[in-house]
Each structure stands twice: as C-alpha cells, then as structure tokens.
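Visitor: One structure, as structure tokens, below. Some questions next.
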Amino acid sequence: MISMMCLVYLILMDTLSMGLTGMTDLEREGMIRRVEGRDGIGVISVQSGDLGGLAWGERREIKMPQKQEGEGYKLLKKGAVRIWDTGRKFSMKHYDFRAWNYQDEWTQVPYGVTDHQFRGDPVLEGENFWLSLHSSRYDAVFLYAKMDEEGAPSRHNELYRVFDTPTGLRNYSGGGSQFCRILVNSPKEAVVYSEGFTYERGGFKTTVTTLYRVLGGKPWLEIRPVWQADEQGMHGETRIIVAPEANDDGSDFVDDSLKRPANYVSKVPLRAKMLLDLAMDVDALWVLIAHPLPKGEKPRTWTGTRYYAGNAPGGWHSGWSLIGEGDCDRVWTAPFAFFCGKPVYIGVLRPGYWHYQRIGRKVKRGERVTVNWRVAYQRERGGSPFKPGETWRPLYPGKWRLIVCIDGRYHTIPITVTEDGANSTSLTFESPEAGNLEYVVFYLYDRTDETPKDVWTPMDIYRETMKGEGGGI
C-alpha cells in the first residue's frame, strides 16, 4: 500500500528546480532584477521567492502531499488565452505533458494579475497548443499540439534555447525554466518572461532568457529574445523538412533525413521565409518563422544560415515507420532559426494540412500521372479525421503545393484546390521529368477566396507576424 504522503530528500540545487526559489545566478537586488542585454539594459521587478531557510548544501526531509488544491481545467473559450498554475513542479526528465495528468489541481491565474507567485509550473494555453514552462533542468520547455476539441495534448516539441558566444561556442540551454514572471495576462494576450537554467561553459555563464507570447485566436507562439538568446530551436522530429519557395527559381527547398547521413546539417537557403516540419505521427504541421536579416547583416549561427536542421541518428521516427516505410533511424530533430534580435514564431496547425504518399513507379517527362490518395497509417491517429486503410482527401480549398521526388530530385508544382476539389480523393499532374517517381508531398500553403475564414495557412501566419499586426512585445 503506497502512503498518501511521500518523503523527498532535497539539496539546495533541487529546490531551485522545484521552484522554492525564483532566482539563481543573475544579479539579485532585493525585489529588482537587472537584465543586461547586448543592446541595452532592461529592469524587471520580481519577487525573489522563499528559500525556505535552507543553507547551501543542507539536506532536509520535506513531506510532499500527493493531492494539491486547485480549481481544475475547463475548456478554453474560443479566441481566448490563459495562464495556468499547475500546482506542481515537474523537475524530472520527461517528454509527455506530465502536468496534464494532474489537471484537476490546476488554477487559472486570474486575468489582470501579473504578480502571481507560482506554486507549480506555469502553462500557457493557446488556440492549438500548450506551452509548458516546466522546472526540469534536463529538458528545454515544451510546446504540445492539441489533439482534439477537448484540448488533449499530443505531439511534443522541445523548444531549445542557444547563446552563440563571441568565441564560437553554442551554449545550449537544455533546461526548462528556473524563474518565470507574468508580464501580460488578459483573455486576448499572455506574455511570460522565462529564464533557462544557468550553467557555465567555455568561460561564459549562460542564462538564456526569452519572452513567450500567446495571442487569442492565433495558432502560433511568439518567442522574443531578452538575454543571451541568439537561436531558437525545436525538437520537431520529422523525416522531411520543407522551406516553401526558398530556391532561387521559386521552387521549394526539401530535405529528406533518409537521403542524408547521420549528423548531417541541412543549411536552408537564406531567402527562405519559413521552415515546415511535417509531423506524421499526429498528422500535424509545425511552422518555424524568423524575421529577415537587415540588409548586409549575416547570421551569427555556426552554419552561417538563418534556418538549419541537424540529422540525428536514433531519433524518434515520428510515425514514418507506421506507413510501410520501415524504420526511420535518423530524423531532423533540431530545426533552428536565428533571432537577430527579433521574435521567432512557431505555428501549430492541426491535422489535414499535408499528406505524404509513396509511389514507386517509372514515369516519363510530360506524362500525366494520377495519384489515388490513400491513408497509409497502420493505426488510427489521434485528432485525424482519416482512418487506416481509407482514402485521403485535402480538407480545405486553397493554394496547395505538390512536391514530386523523382530519382532523389525535387520538383514543386503549385496546385489550386477548389471547394469541389477538396472532396477529391485523387490528383492528376504532369510529370516534370523521367525517372523513378519515389513519393509525393502535398501541403496547404496559402489561401484563396474559398478558404474558410477560420482556417489558417502557413502564409497567413507569415503575413500577420511579419507585418506586426498584434506582433512585437
């Protein structure tokens, strides 16, 4: 029989991750924290938190109740955002949304309150996602796609933070949040200041600090650099990445992890507007967007590009092995974008935005090729309207792009899907060259007059974030 109370031994470093103190290595001046950035000094008023009387290195036996008091999670109103206090600190290594298992203990931080002292981990809730600013020093903060209308979380996306030191080191902040402070808290906007766990490497004490912003009714997370933040990464885990219209001729830049060796780094062309991460295991789409560089400026990333991704061996196959492709033993696990002192945005789009299909047949140049869409999943995918073994169809009218892979070379064919065409379970196109047609990727890129107003496309997100409508903190 497990006791209703558990005994936990903590040293001071553990209390930092458990949230018994809000600050560690940055300057502490009473209730004031000074954040010195490259381009000036900002001052944020904070409370230092309670050290609980612990001396450095002291061990103390603390009784932790299994049940925490809270009002419990309720469904989000359409067009709103919220900030939650989960009531618990999750300091262990984890990828699942651990706090979701204790949602009956959550308490919403009342709108208008910005001086809230978190008992547990902060969570920001947006239209299509959750942002968990958890207390684990083992994993970066997590973004979770919502799986259904009930808000259930599915695919995780670990949001890496990187400081590029003047000596060329990439000081990577792999931990979660050692301190958080609410800056804005309204039904239409939530902004939280977050410091990654401090560590030292190469003579540089690093505390990557960023602001996270969520807007009501918007399917993206805005991340703004504050201190020692040069690159924003994500643990997308996908076999195929796409940068629409990034090649000089306007075609898509495409990279397939299985066509590259392990540890290969994909350098996306500088002209790329965005990087799409195709997450097959939840049939969803991540959209990574960074501002263009000022004229004449070069990115200070080690690759010399604004966007890049690493091909990691042994990465999670992201569903690719579930569609008859066999094991996907290396995937793009770390797409990165360069801040350049401006926000980076990550869009979270639900199922129905893209499709992959293996073809495996010889084609001739100019030949009309018909693809009969099919669902290749071997088991049902959460949140997807499509069932294994059934036909597939594009869910929304709009401007789609068809990527055709022939003998390892990629060709992009713009396709306009009409309202009637959205019900079609096949597509006919003219082959751009002769050879072995390996596979096709088909995705919704932009809207037409027939695209429903409540459907966001990648280009919708790009236009709105770049023109600054509601953008900028």
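The values are calculated or read from the model by the stated rules, or taken from the named source; none is laboratory data. Nothing here was measured: the structure is a model prediction, and the numbers come from that model. Every residue, glycine among them, receives a Cβ derived from its backbone with ideal geometry; neighbour counts consider all protein chains shown.
Visitor: Please report, ordered by residue number, the strands (runs of 3 or more DSSP E) entirely within the range 339-415 with at least 2 residues that are closer than 22 Å to E150 by Cβ.
Guide: Answer list for the range 339-415: 344-349.
Visitor: State whether one or more residues within the range 271-289 are farther than 26 Å from W354 by Cα, charged (D, E, K, R) and either part of a helix (DSSP H, G or I) or in contact (Cβ under 8 Å) with a residue 12 or more places away in the chain (or both).
Guide: Among the residues of the range 271-289, not one is farther than 26 Å from W354 by Cα, charged (D, E, K, R) and either part of a helix (DSSP H, G or I) or in contact (Cβ under 8 Å) with a residue 12 or more places away in the chain (or both), which makes the answer no.
Visitor: Then there's this: Condition (residue is surrounded by fewer than 23 Cβ atoms within 10 Å (Cβ to Cβ) and assigned to a helix (DSSP H, G or I)) applied to the range 104-126: is it met by at least one residue?
Guide: For the range 104-126, residues surrounded by fewer than 23 Cβ atoms within 10 Å (Cβ to Cβ) and assigned to a helix (DSSP H, G or I): present.
Visitor: Given the criterion closer than 27 Å to D255 by Cβ and without any contact (Cβ under 8 Å) to a residue 40 or more places away in the chain, identify the matching residue among T391, T412, T416.
Guide: T416
Visitor: Of the residues that make up the range 179-200, is at least one on the phi < 0 side of the Ramachandran plot and touching a His at 6+ places or on another chain (Cβ under 7 Å)?
Guide: Yes; the residues of the range 179-200 include at least one that is on the phi < 0 side of the Ramachandran plot and touching a His at 6+ places or on another chain (Cβ under 7 Å).
Visitor: Has the range 164-186 got any residue that is surrounded by fewer than 24 Cβ atoms within 10 Å (Cβ to Cβ) and under 13 Å from the mean Cα position of the chain (by Cα)?
Guide: no
Visitor: What number of residues in the range 295-310 are farther than 14 Å from G233 by Cβ and at pLDDT 85 or above?
Guide: The number of residues fulfilling the criteria is 1.
Visitor: A further question on this structure: Being surrounded by fewer than 19 Cβ atoms within 10 Å (Cβ to Cβ) and closer than 18 Å to Y345 by Cα is the filter here, so list the residues in the range 433-454 that pass it.
Guide: Within the range 433-454, D446 is the sole residue that qualifies.
Visitor: Tally time: how many residues in the range 155-194 are modelled with pLDDT of 90 or more, under 20 Å from L124 (Cα atoms) and not in a loop (DSSP other than H, G, I, E, B)?
Guide: Total satisfying the criteria: 18.
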